[in-house]
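Bear in mind that the values in this text are calculations on the coordinates, not laboratory data. As the structure is a prediction and not an experimental result, all values here were calculated from the model. Here Cβ is always computed from backbone atoms with ideal geometry, including for glycine, and neighbour counts include all displayed protein chains.
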Amino acid sequence: MFLAACVQLCCTTDVERNLAMTEKLVRRAAKRGASLVATPENTAFLGPQFHKVEQAQSLDGPIAQRLARLASELGIHLLVGAIAERKVDESGTIDTSRCYNTSVMFGPAGERLASYRKMHLFDVDVPGGLTIRESDSIAPGEELVVAETALGKMGLSICYDLRFPELYRALVDRGAEMIAVPSAFTLTTGKDHWHALLRARAIETQTWVLAPAQWGTHDEEGKRKSYGHSVIIDPWGTIVADKGHGEGLCFAEIDLDRVAAARRAIPVGQHRRL
């Protein structure tokens, strides 16, 4: 059993401010005893659109190194929900038109344990006039990732992935006991879909779900707003922690024995026909 924390942020185009707030909240979580801390999607940058490709860095770049050092200093597992990863082709040429939207799991020595590139891209016309075309600046990932950690096996996903349950079934088939869903869910979709989808994924997969989220207004024009409500959900589908509004943290004790108990009680994995 261990204590986990989800960080809730209100990021903007001010990268230094975003990272400073991230560090502040991660330190606060570690001081309270959290062994695993997860930050939301767009940890370093969020504006009217999701990303600026010219700001993308490698996973050994300054932003990743800064967060790796933080994990090492605090001796925690740190899941950086998503940062812009530079896309480089086989010849070593940097793609200046698109980057990856990438989660990174750091271990307590600051080592990179796993990384996951978001597979499903958010190309939508949201009711209320918000149009987002994530594929304009993001290239989709192609690989499923389950991070092997000393705390347990965590399946990695990002935000819009949440609407594709087949992804989560595949992560469980690869041994996931926990699922991470770092997000920047829009206010419009979040108020109707966020809790319902996350609870469904927890119930279907019988895993712990950790979903750190962005909250609030991210640009001066007020066009980009996120729902918040970072949550931790147990394998029965019960919400055990919900941050609600504002920047801050939510915490829960993670007991992986409850994964096994839920799977014994309702053995859906054995009953599958497809």
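In loop segments of the range 7-106 as defined by DSSP, there are no chymotrypsin sites (Phe, Trp or Tyr not before Pro) with at most 13 further C-beta atoms inside 10 Å of their C-beta.
Kirkwood-type hydrodynamic radius, the chain: 18.4 Å, calculated from all non-identical alpha-carbon pairs. Between residue 3 and residue 124, the contour length at 0.36 nm per residue exceeds the alpha carbon distance by 40.0 nm. The lysines whose alpha-carbon is closer than 16 Å to the alpha-carbon of residue 191, local same-chain residues fewer than 8 away aside, are 225, 243.
Please find, in a Gaussian network model of the chain (springs between Cα atoms separated by less than 10 Å), the residue of 44, 29, 109 whose mean-square fluctuation is greatest. Answer for the Gaussian network model of the chain: 109. Normalised by the number of residues in the chain, the mean separation of alpha-carbon contacts (under 8 Å, six or more apart) gives a relative contact order of 20 percent. The Cα atoms of the range 52-141 define a convex hull whose projected area, averaged across directions, is 6.8 nm².
For the chain, modelled as a GNM whose springs connect Cα atoms under 10 angstrom apart, the maximal fluctuation among 245, 229, 77 occurs at 245. Give, rounded to the nearest 20 debye, the magnitude of the charge dipole that the chain has about its Cα centre when Lys and Arg contribute +1 at Cβ and Asp and Glu contribute -1 at Cβ. Once rounded to the nearest 20, the dipole reads 660 debye. Note on residue 93 and residue 242: their simple-model spin labels are 5.0 nm apart, each label 7 Å out from Cα toward Cβ. Applying a DSSP loop filter and a limit of 12 other Cβ atoms within 10 Å to the GluC sites (Glu not before Pro) in the range 93-189 leaves 111, 142, 143.
Using only alpha-carbon positions in the range 224-274, the gyration tensor eigenvalues give semi-axes of 30, 15, 6 Å once each is multiplied by 5 and square-rooted (largest first).
Among 97, 35, a tally of other beta-carbon atoms within 10 Å of each Cβ gives an order, fewest to most, of 97, 35. Listed by chain and number, the aspartates and glutamates whose alpha-carbon sits under 15 Å from that of residue 24, ignoring those within fewer than 8 places in the same chain, are 16, 73, 247.
Between 127, 40, 165, the Gaussian network model of the chain with springs among Cα atoms under 10 angstrom shows the greatest mean-square fluctuation at 127.
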